[in-house]
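> Please see the structure below; I have some questions.
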Amino acid sequence: MNIEVIDRRDFTDKEVRVLSLLATGYKTDVIAKHVHVSPKMVENHLSNIYAKLDIQQNELHARVRAVSEAWANNIIRLKA
C-alpha cells in the first residue's frame with residue numbers, strides 16, 4: 001500500500017515518514033529500520049504526532065486513531 005502526504009501541516013519530515021509507515025500497518029521496529037532510527041526514537045516521533053493530532057498517548061488504539069485522524073484531516077491518503 002502506498003501512502004501519499006497531502007498536507008504536511010507542522011509535521012517534520014521524520015514524523016511524516018513515521019505516520020505514512022504507521023498507516024501501512026508497520027510495527028515500531030520495522031518503522032525504525034525504514035527511517036534509520038532506534039525504536040525509541042520512533043516512539044518519540046509518535047508522541048509528537050499524537051500531540052499534534054490532539055490524541056492522548058496512553059489512549060487505547062492511539063496508533064489507529066492517529067492514522068484515522070490523518071486520513072480524516074487530509075494529511076495522508078492512498079496513492080492513486
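The values are calculated or read from the model by the stated rules, or taken from the named source; none is laboratory data. If you're wondering where the values come from, they're calculated on a predicted model, not measured in any experiment. Cβ atoms come from the backbone with ideal geometry, glycine included; neighbour counts cover every protein chain shown.
> So for the stretch 30-38 (the condition being in contact with a strand residue (DSSP E or B) (Cβ under 8 Å, 6 or more places away or on another chain) and not in a helix (DSSP H, G or I)), does at least one residue qualify?
no
> Which numbered condition trips up VAL67, out of (1) of a type in the set (A, V, I, L, M, F, W, C); (2) part of a helix (DSSP H, G or I); (3) free of Cβ contacts under 8 Å to residues at least 40 places away in the same chain?
(3)
> Restricting the search to the stretch 8-29, which residues are of a type in the set (Lys, Arg) and part of a helix (DSSP H, G or I)?
LYS14, ARG17
> Moving to a separate point now. Regarding TYR50, is this residue part of a helix (DSSP H, G or I), free of Cβ contacts under 8 Å to residues at least 40 places away in the same chain, among the aromatic types (Phe, Trp, Tyr) and out of contact with any Lys or Arg (no Cβ under 7 Å at 6 or more places or on another chain)?
yes
> Looking at (1) in contact with a helix residue (DSSP H, G or I) (Cβ under 6 Å, 6 or more places away or on another chain); (2) modelled with pLDDT of 90 or more, can you tell me which one GLN57 breaks?
(2)
> I need the full set of residues from the stretch 58-73 which are more than 15 Å from LEU22 (Cα to Cα), among the polar types (S, T, N, Q) and surrounded by 11 or more Cβ atoms within 10 Å (Cβ to Cβ), in order please.
Correct list: ASN73 only.
> When you go through HIS36, HIS45 one by one, which is the residue that is surrounded by 19 or more Cβ atoms within 10 Å (Cβ to Cβ) and either free of Cβ contacts under 8 Å to residues at least 40 places away in the same chain or in contact with a Pro (Cβ under 6 Å, 6 or more places away or on another chain) (or both)?
Among HIS36, HIS45, only HIS45 is surrounded by 19 or more Cβ atoms within 10 Å (Cβ to Cβ) and either free of Cβ contacts under 8 Å to residues at least 40 places away in the same chain or in contact with a Pro (Cβ under 6 Å, 6 or more places away or on another chain) (or both).
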